[in-house]
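A.B. asks: Here it is, the structure, as structure tokens.
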Amino acid sequence: MPIKYDKLLALLKEKGYTTYKIRKDNLISQSAWQKIRTGSGDIDTRTISRLCSVLNCQPGDIMEYVGGED
């Protein structure tokens, strides 16, 4: 997949968000969280917007385009 979410995972860890807290606070859907963790699918812009709002960041702070991969 050409979009990687390693930056997001690092930022969530830095801000103290665990899987439990993400689910408890209903930060994003469980399916979106699973896609982010496994890198197995696309997430929609509403999810990206929600994450940026909660983490006070820009989309480029949470994801990275990696060309040449499918």
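A.B. asks: So Pro59 clears everything in (1) modelled with pLDDT of 95 or more; (2) surrounded by fewer than 11 Cβ atoms within 10 Å (Cβ to Cβ) except one condition, right? Which one?
C.D. replies: Single failed check for Pro59: (2).
A.B. asks: Restricting to segment 1-30, name every residue that is surrounded by 11 or more Cβ atoms within 10 Å (Cβ to Cβ) and among the small types (Gly, Ala, Ser).
C.D. replies: Within segment 1-30, Ala10, Ser29 meet the criteria.
The values are calculated or read from the model by the stated rules, or taken from the named source; none is laboratory data. Computed from a predicted structure; not experimentally measured. Reconstructed Cβ throughout: ideal geometry from the backbone, glycine too, with neighbour counts over all protein chains shown.
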